[in-house]
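First up is the structure itself, then whatever we jot down about it.
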Ligand SMILES: [Fe+2]
């Protein structure tokens, strides 16, 4: 077998990694795709949250810097359980930063400077979009009897809505620059 014969190697690799599951094949494939998308978004949102934590400025520095650190820890803690749910369903998960970049729907922010309020608003929108994706994945889990993934998602949706709440409140009432 040639080393470039990806379909044969891929087929072999897939069957060797096929953890047994009694859930339907179509169901686990759809759930895995949704959970891998969430894991990629969790990485993207984690890094953006830390980016803003590291590059925060202004008189509210301490509050915002610490808030984003707390949020980053919470987001990071989702990644391993998400990827392991996918493996428990007999599917494969994230392999690299390049793989994350292909799957992420949350956009990076590589701007040289972002004003404090813009950081909070950007993250608030991302967290809102993230909870919408989490709800969609939850629906898929419900439809296919994956109660374990569904119950993890319920906690993460609550956490994501809490982050949205804090980001929303923290960005109200300051002047337009956040200073
Ligand atoms: Fe830090």
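Each value in this text was obtained by applying a stated rule to the coordinates, not by laboratory testing. Small disclaimer: the values here were computed from a predicted structure and weren't measured. Glycine also receives a Cβ, built like all others from the backbone with ideal geometry; neighbour counts cover every protein chain displayed.
In the set (1) more than 16 Å from the ligand (Cβ to nearest atom); (2) in a helix (DSSP H, G or I); (3) over 19 Å from residue 152 (Cα atoms), the condition left unmet by residue 35 is number (3).
Taking the numbered list (1) within 16 Å of the ligand (Cβ to nearest atom); (2) surrounded by 20 or more Cβ atoms within 10 Å (Cβ to Cβ); (3) over 18 Å from the mean Cα position of the chain (by Cα) in turn, residue 49 passes all entries but (3). Within region 61-96, count every residue that is within 16 Å of the ligand (Cβ to nearest atom) and more than 19 Å from residue 158 (Cα to Cα). So the answer is 6.
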